[in-house]
Amino acid sequence: MTGSTALSCPKCKHTFGDLDWHDGQSGSCRSCGTDFEALIFPALTRQRTVAKPQAVAVAEDSTCFFHAENQAEKVCDGCGRFLCVVCAVPLSGGHFCPACIAGQKKQAPTVIPQRMLFDGAALALALVPIVIWPLTLVTAPAALVMVIYGWKKPGSVVNGRRRWKQVVAALLALVEMAAWAVVLVRIAFK
């Protein structure tokens, strides 16, 4: 056992170096004499390997994108940059550079910031221009198009889908368009 781990006696709190290990799992404290058992995880005591890059030996060798003095040994699966052993991060069966890993964190939104609510927009396009009736010549077909386009789109994140608004908007748009058709036919045949 090495003394670099931050383990301590359960009774007197002396550090790992003050413990006397018998078989790797049971021990006794040298200060207070308390016997105890501990399960030591292998990662706690394993020797860590440090990646050491090779220096470029021949001028024709490819070099690391981030370290010009190191020889390239891997290629980034995200962007295709040449990477040395230090920069090549093994991830999901491939090797990625630090820039690609940082870019993935920024590109992965966890929350949808906003969503177009077609039902409310279609209802507003059908209702609001009634006050200024000539606008319904343009907004009634737009409301009908919005109802058709937004029929299968997801609704509000909070309230879900509200089909009744789309149905009312479609009916109002059809009534407005029929009224315009009647007005235009009467104007044409006068």
Given (1) assigned by TED's automatic domain parsing to the domain that holds residue 168; (2) of a type in the set (Gly, Ala, Ser); (3) modelled with pLDDT under 85, residue 140 misses just (3)
Quick count over segment 25-43, residues being surrounded by 14 or more Cβ atoms within 10 Å (Cβ to Cβ), modelled with pLDDT under 70 and outside any loop (DSSP other than H, G, I, E, B), is 1
With the first residue restricted to segment 72-99 and required to be touching a residue at least 24 places away in the same chain (Cβ under 8 Å), and the second required to be assigned to a strand (DSSP E or B), Cβ contacts under 6 Å at 6 or more apart or on different chains are 76/83; 76/96; 78/96; 84/70; 97/83
Within segment 75-87, of all residues that are within 22 Å of the chain's Cα centre (by Cα) and not charged (D, E, K, R), the one surrounded by the most Cβ atoms within 10 Å (Cβ to Cβ) is 76
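The values are calculated or read from the model by the stated rules, or taken from the named source; none is laboratory data. Values in this document were obtained by computation on a predicted structure and should not be read as measured data. Virtual Cβ from ideal backbone geometry, glycine too; neighbours counted across all protein chains shown.
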